[in-house]
Amino acid sequence: IPKDDFTLPKTQTAVIVSDDGTFKVSQDAHVPQLKSDEFYIKTEAVAINPSDTKMLGDFQTKGGILGTDYAGTVIAVGSEVTDVVIGDRVCGATHAMHANRPDRGAFGQYNVSASKIWLKLPAGMSIEAGASLPAGLCTAGQAIRQLGLPLPDAPAEKPKKVLVYGGSTATGTLAIQLLKLAKLIPITTCSPKNFDLVKSYGAAEVYDYSSPGCAELIRKDTANNLAYTLDCITTPESTTFCYAALGRAGGRYVSLDPYSTFAANRKAVKGSWVLGPAIFGDGSSWPAPYGREGDEELRDFGTKLFQVCEDLIEKGELRGHPLRVIEGRWEDVLKGMELVKAGTLSGEKAVVRLVGV
Ligand code: CO7
């Protein structure tokens, strides 16, 4: 199908799930086939998301390629593709470990575009900065949708406060910016060492979540009126905190993973959680409660989200998280996964820039 003379290699180097469930670099991983409305990207950088390190047990398809976020250069396009040309630099996300197509994961030499969940990088943006964006945008965008709040292309008529719990996470800094660009007022929590960081992304107020009485202080500062909370951490403590900060009339709580129902203890609060890769609209084969049917409306939302974000990035109005760039080979992606799993990064997103592969 490709319009050019690209010859599909039989195999590729990729980080896969081996038969014993461990992650390893394989030189003979499958190369995904291309549909006529898709294109191939030669991978130049990948970001490491906490979710990549959690692909264990029933999440796994043996031999499947891991990884969510990639950036690179378009090397071949399907016959129906009109919106990119060979040589364009793009970043995108994949639903890794989908049982129906285990050869589609970001951590391989060749990525295939998925739906329209990709965007072109402006000339001034580094490939590693591009790699850090897609999963975070998918997650933050869906969370904003589930809160019932607008994207920046159709800003809110009335400014409303939104609590982003965990503002110094990679998801948090994107959510803060998108909310502010939509004329909402993001307030946030993080450690004091990251106060300046979250303010630089547009947080109007910042609170230290570990200080006693912090949720009550937020409730007071928002005049018992806060109606929107986005929980980028999702622990029993963070859920309890957000529920306590919401005002008397309740409101909405959205988390990034299934949350503890015992902490979600107020009838007036409508809680829900986001499944990042659901944005492709193809459902998910991950185990319950993650598995789900496809949703075309969500795919359309994803297309819109990436168009809006491409435009904001181009104009310099939306930027990624500070990076911890690791230069290396595919083996270094495994090292990067260990680094992320250890939970030692604070205010930085790990990206591997591939060199010499
Ligand atoms: O979207 C997807 C696919 C699309 C196609 S897949 C989903 C991708 N998204 C993720 O993987 C994010 C889900 N997040 C997680 O699973 C992570 O475990 C958390 C929830 C911690 C955050 O992930 P994220 O990548 O957004 O953040 P991070 O790793 O950059 O955040 C680290 C920060 C720390 O620095 C802590 O902040 P400070 O200011 O205190 O240093 O998270 C903060 N943190 C906590 N804050 C409060 C970590 N643990 C915390 C805790 N309480 N227990």
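Scanning the stretch 24-62 for residues that are within 16 Å of the ligand (Cβ to nearest atom) and of a type in the set (D, E, K, R) returns GLU38, ASP52, LYS54.
Among the residues of the stretch 215-233, the ones that are β-branched (Val, Ile, Thr) and over 11 Å from TYR165 (Cα atoms) come to 2 in all.
The conditions of being among the hydrophobic types (A, V, I, L, M, F, W, C) and either surrounded by 24 or more Cβ atoms within 10 Å (Cβ to Cβ) or within 11 Å of the ligand (Cβ to nearest atom) (or both) are met by VAL164. Residue count for the stretch 315-332 satisfying the condition of being farther than 18 Å from THR173 by Cα and either acidic (Asp, Glu) or out of contact with any helix residue (DSSP H, G or I) (no Cβ under 9 Å at 6 or more places or on another chain) (or both): 5.
The rows are residues; the columns are (1) part of a helix (DSSP H, G or I); (2) of a type in the set (D, E, K, R); (3) at pLDDT below 95; (4) away from the ligand (no atom under 16 Å from the Cβ).
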site	(1), (2), (3), (4)
LEU298	yes, no, no, no
GLY302	yes, no, no, no
GLU331	yes, yes, no, yes
VAL357	no, no, yes, yes
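Among the residues of the stretch 202-246, those identified as of a type in the set (Ser, Thr, Tyr) and touching a residue at least 40 places away in the same chain (Cβ under 8 Å) are TYR209, THR222, TYR228, THR229, SER238. Among the residues of the stretch 243-254, none qualifies, meaning not one is within 12 Å of the ligand (Cβ to nearest atom), of a type outside the set (Ser, Thr, Tyr) and in contact with a helix residue (DSSP H, G or I) (Cβ under 7 Å, 6 or more places away or on another chain).
Apart from one condition, PRO186 fits all of (1) free of Cβ contacts under 8 Å to residues at least 40 places away in the same chain; (2) buried (at least 19 other Cβ atoms within 10 Å of the Cβ); (3) under 30 Å from TYR70 (Cα atoms); (4) within 14 Å of the ligand (Cβ to nearest atom); the exception is (4). Of all the numbered requirements in (1) away from the ligand (no atom under 16 Å from the Cβ); (2) in a helix (DSSP H, G or I), ALA175 misses one, and that requirement is (1). Residues in the stretch 255-264 that are within 23 Å of LYS220 (Cβ to Cβ) and within 16 Å of the ligand (Cβ to nearest atom): ALA263 alone. Regarding ALA204, is this residue surrounded by fewer than 22 Cβ atoms within 10 Å (Cβ to Cβ), within 27 Å of PRO155 (Cβ to Cβ) and in contact with a strand residue (DSSP E or B) (Cβ under 9 Å, 6 or more places away or on another chain)? Criteria met by ALA204. Residues that are within 18 Å of LYS54 (Cα to Cα) and in contact (Cβ under 8 Å) with a residue 40 or more places away in the chain within the stretch 256-272 comprise just one, LEU256. Taking first residues from the stretch 330-347 that are touching a residue at least 40 places away in the same chain (Cβ under 8 Å) and partners that are in a loop (DSSP other than H, G, I, E, B) and more than 10 Å from the ligand (Cβ to nearest atom), the Cβ contacts under 6 Å between residues at least 6 apart in sequence or on separate chains come to VAL333/PHE107. In a helix (DSSP H, G or I), surrounded by 14 or more Cβ atoms within 10 Å (Cβ to Cβ), away from the ligand (no atom under 11 Å from the Cβ) and at negative phi: does that describe ASP311? Considered against the rule, which asks whether it is in a helix (DSSP H, G or I), surrounded by 14 or more Cβ atoms within 10 Å (Cβ to Cβ), away from the ligand (no atom under 11 Å from the Cβ) and at negative phi, ASP311 comes out as yes.
The number of residues in the stretch 265-284 that are assigned to a loop (DSSP other than H, G, I, E, B), more than 10 Å from the ligand (Cβ to nearest atom) and buried (at least 18 other Cβ atoms within 10 Å of the Cβ) comes to 3. Against the numbered list (1) away from the ligand (no atom under 12 Å from the Cβ); (2) in contact with a Lys or Arg (Cβ under 7 Å, 6 or more places away or on another chain); (3) in a strand (DSSP E or B); (4) not hydroxyl-bearing (Ser, Thr, Tyr), VAL206 comes up short only at (1).
The values are calculated or read from the model by the stated rules, or taken from the named source; none is laboratory data. Keep in mind it's a predicted model, so treat the numbers as computed, not measured. Virtual Cβ from ideal backbone geometry, glycine too; neighbours counted across all protein chains shown.
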